[in-house]
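Since the structure comes first, as structure tokens, the remarks are kept for the end.
Just so you know, all these numbers are worked out from the coordinates, no wet-lab data involved. These figures come from a predicted structure and were not determined experimentally. As a convention, Cβ positions derive from the backbone with ideal geometry for all residues, glycine included, and neighbour counts pool all protein chains shown.
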Amino acid sequence: MYEQAPPFRGACFLNERVVMTDQVSSVGDIRADYMAQVRRKRMMDGIILVVFIALMVTGFVIADDRNAGGFWDGLHRFFDFPKEVLSEAIEKIGELPANLLKFLPSLMETINIAAASTLIGAMLGMMFSLLSTRGMAKWPRLIPLFRRVMDIMRAMPEIVIALVLIFIMGGGPVPAMIAIAFHTAGALGKLFSEVNENASLKPVEGLQSVGASWSQRMWLGVIPQVAPNYFSYALLRFEINIRASAILGFVGAGGIGYELRNAMSWGKGQYDDAMAIFLLLFLTIVAVDQLSSVVRERLTDGKTQKVPS
Amino acid sequence: MTILANETDLLKVEADRLFGRKKLTSFGLPAIVIAYLTYIFFAFDIAGLTQRFEVDNARALVADSYSYKTHIARDNRTGEIRAAIEGERKGTYPNGTAPEWVTLGDTETVIDLDDGHVVTFGADNFVSYDVPGYGLITAQPSRAKGVQAVLPTDETPEWINASKNRMTITTDAGRLTITRNRTEVFRYFTGWELFFFTLDSPYSGLSVGEVFSRALGGEHAAIWQDFWTNKMWRHQDVAWAISETILMAFLGTMGAAIVALPLAFLAAKNFSPFMVVRQVTRRFFDFFRGVDALIWTIVLSRAFGPGPLTGALAILITDTGSFGKMFSEALENVDGKQIEGIQSTGAKPIQRYRFGVIPQITPILLSQILYYLESNTRSATIIGAITGGGIGLMLTQAMITQKDWEEVTYYIVLIILMVMAMDWFSGWLRRKLISGNESGH
């Protein structure tokens with residue numbers, strides 16, 4: 001029931017034991033030493049746990065304090081809004097199919113935003129990843145530069161770019177598309193370059209020996225090796241981007257999020273619309289989620305797939 | 001021999017088919033991509049974008065993000081002259097004072113715009129602007145007769161926009177606008193104005209060295225107070241907002257992990273013997289994940305009002321679904337031998353989990369949790385913008401005014417730095433915790 005002995009220290013003790021076989025007290029020493037170690041480790045674990053709990057509790061208290069409504073006051077109201085929406089939707093259940101149909105075009109727009117931005121982001125990310133992988137980069141000296149650029153693109157929340165672009169070019173799907181593509185390029189670029197690092201460089205060298213240009217080497221030597229993994233990551237990203245494009249719609253970038261905000265701002269009387277939108281969004285996300293996991297499994301069958309991290 | 005020939009023929013046919021398929025994919029896939037992008041081009045009306053593109057907004061945004069302007073304005077009805085940075089009340093100079101490039105006089109106020117450009121406010125609302133290389137422009141605005149501008153040349157150059165009741169002169173040095181009721185001069189400067197101290201602070205306008213020597217002289221508390229409560233840049237509020245955003249991400253991620261871990265045991269094949277329980281738990285996870293964070297945010301903000309708690313709970317609920325799914329997958333891949341070993345020593349179920357299972361999945365769990373912590377910092381910014389809390393809210397507020405673009409730039413820089421710092425921190429912690437576990441420290 002003791003915690004596992006740390007293997008490294010254990011190895012040291014073994015050596016000591018070999019040296020001190022003839023000393024009777026050595027076993028007792030080892031045991032005492034081991035117990036002390038276990039106690040120390042347990043104490044450290046305990047301290048970390050206490051600090052963690054303290055952080056969670058104070059964090060919760062602070063968040064509760066700075067919130068407009070308190071947690072305990074609001075808790076019993078949690079189901080009020082869903083109940084309101086549901087009861088109104090059930091009342092007008094006959095209109096649901098018509099409503100679902102009504103919002104289908106805006107759902108299509110949301111999906112299109114996600115798909116286009118994933119596509120553009122993946123192409124940009126591919127470029128960045130090839131330019132920032134050792135052994136493949138066109139300009140090896142610029143690898144750190146491209147990596148930092150990807151870091152910044154990744155760190156940029158979509159909403160920041162979207163809001164600025166909405167100010168410049170008005171509402172609509174294009175700001176959302178650019179914003180999501182920008183972030184996607186950074187995020188996929190990092191994942192792609194991890195894939196690239198595991199690709200064999202032999203085809204690249206072979207192509208180089210027959211005088212292929214950089215783009216030919218990449219397109220014919222690297223891409224065929226990494227395409228399944230790229231595709232699997234891009235699918236995962238597509239799933240994330242559908243959520244993102246729904247959220248951006250909510251701040252004015254078109255699509256189903258925009259319709260949702262309108263339905264919500266009307267308040268009572270339009271909750272059947274809100275319900276239809278909730279349903280559409282939910283079904284889309286679940287469908288894409290299931291579809292992408294099936295496709296990804298088939299793409300990487302046999303091969304163990306890494307969790308995106 | 002004939003059989004052999006047949007075999008090679010078959011091989012050739014097969015190879016041809018393989019190559020044909022390869023050709024199809026290598027030409028077909030780009031064709032599909034191009035076709036889709038063309039469809040998007042028309043569906044999103046990208047051609048019409050050039051008309052919708054507001055160049056003025058873009059220019060104002062870019063110029064404002066790295067420069068500021070000081071307004072010197074005279075009310076032509078009362079004759080009162082006020083100097084204000086960005087024309088804001090928070091940046092107004094106290095009455096009777098002005099920046100050093102403005103000479104306030106009893107009858108005449110001289111405004112030096114540099115490079116020889118001089119604007120003079122004379123008596124009885126008289127205004128003159130000496131533009132080097134062009135000449136002296138004068139105006140005598142009055143309520144009855146309009147601006148009454150006099151130009152040195154007969155032809156009006158394109159940088160002067162003059163009508164009966166309004167004249168605007170835009171030069172590299174600044175801008176002069178004259179209407180019947182108001183005469184206003186803008187002078188542009190590079191930088192972020194009053195970033196450290198506002199004008200009502202005694203430390204405004206002092207050099208860095210002077211502020212430091214005063215701080216060492218015992219005024220550090222007052223200096224910090226003036227900086228911290230700067231009304232223009234609101235450093236205190238910004239610091240709070242950033243910590244609120246990080247708090248949302250932290251509470252949401254860790255809360256989700258705490259809730260998801262026991263539930264994951266119920267959803268894992270090798271720990272939960274009842275099919276029904278497993279299926280129900282899994283559908284719960286799918287539901288929490290499928291109802292997007294956006295919808296959770298809306299539902300929660302109805303119950304709890306806007307604020308960091310709502311954001312934290314929205315992240316918590318969505319991520320409970322994600323974590324539950326990932327944790328249960330990790331649990332299904334656990335090695336049974338270690339658990340059997342613990343069991344053989346007579347351990348009770350809780351002890352079997354604690355010492356047989358948890359050590360195996362900890363590295364996977366930790367790396368996923370820390371990855372989500374970083375990505376949730378970004379989500380918290382976005383959720384904050386919707387539901388009102390943290391730096392996301394400050395950003396949207398600054399954007400709504402449509403003129404504080406220097407503040408918008410400041411917040412964007414802070415957000416990027418915050419996310420990158422969290423990225424670095426979670427990576428550092430991951431390396432420290434996980435590699436630490438492996439080498440036994």
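Here is how the numbers come out for the structure above:
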| item | result |
| --- | --- |
| Sequence of A:Y230, B:Y188, B:Y371 once ranked by neighbouring C-beta atoms within 10 Å, starting from the fewest | B:Y188, B:Y371, A:Y230 |
| Partners for A:K102 among aspartates and glutamates (Cα-Cα distance below 16 Å; same-chain residues under 8 apart left out) | A:E259, A:D272, A:D273 |
| Residue mean of other protein chain beta carbons inside 10 Å, B:28-41 | 2 |
| Distance (nanometres) between label positions extended 7 Å along Cα→Cβ at A:W214 and A:M56 | 5.0 |
| Members of A:K41/B:K432; A:K190/B:K337; A:K83/B:K269 lying beyond 26 Å, as alpha-carbon distances in this model show | A:K190/B:K337; A:K83/B:K269 |
| Furthest towards positive pole of dipole, B:T109, B:S26, B:L136, structure part chain B, Cβ charges | B:S26 |
| Signed unit charges on C-beta, dipole axis of chain A, positive-most listed residue A:I48, A:Q208, A:S132 | A:Q208 |
| Check: segment B:235-439 dipole with +1 on Lys, Arg Cβ and -1 on Asp, Glu Cβ, in debye | 860 |
| Estimated FRET transfer efficiency (B:H220, B:K90; beta-carbon r; R0 22 Å; 0.05) | 0.35 |
| Cut-off 16 Å (backbone N to label point 7 Å along Cα→Cβ of B:V55), residues of segment A:133-173 | A:168-169 |
| Simple Cβ-charge dipole of the protein assembly as shown, Lys/Arg +1 and Asp/Glu -1, about Cα centre, in debye nearest 20 | 2200 |
| Part-to-part distance (alpha-carbon centres) for segment B:115-170 and segment A:247-262, which is given in Å | 48 |
| Per-residue mean of C-beta atoms belonging to partner chains within 10 Å, peptide B:112-124 | 0 |
| Modelled FRET efficiency - R0 35 Å, B:T170 with A:M127, Cβ distances, 0.05 increments | 0.25 |
| Inter-chain Cβ neighbour average for residues A:164-176, partner chain, 10 Å | 5 |
| Max mean-square fluctuation residue, GNM over chain A, Cα-Cα springs under 10 Å, options A:A253, A:A98, A:A244 | A:A98 |
| Residue order, fewest to most beta carbons within 10 Å, for B:K164, B:K231 | B:K164, B:K231 |
| Zone residues, segment B:311-341, relative to B:F265, backbone N less than 20 Å from point 7 Å out along Cα-to-Cβ | B:320-341 |
| Pair B:V277, B:A162: separation of 7 Å Cα→Cβ label points (nm) | 9.0 |
| Exposure proxy order (Cβ contacts within 10 Å, fewest to most) of B:R166, B:R352, B:R143 | B:R143, B:R166, B:R352 |
| Acute angle (nearest 10 degrees) that the helix B:405-430 long axis makes with the longest principal axis of chain B, alpha-carbon atoms | 30 |
| Theoretical FRET efficiency, 1/(1+(r/R0)^6), r = Cβ-Cβ of B:V413 and B:T107, R0 41 Å, to 0.05 | 0.35 |
| Estimated distance in nm for a label pair at B:D114 and B:V33, the labels positioned 7 Å out from Cα along Cα-to-Cβ | 4.8 |
| GNM result for chain B, Cα springs below 10 Å: residue of B:G255, B:G122, B:G28 fluctuating most strongly | B:G28 |
| Net dipole in debye of segment A:120-256 [+1 Lys, Arg Cβ; -1 Asp, Glu Cβ; about Cα centre; nearest 20] | 300 |
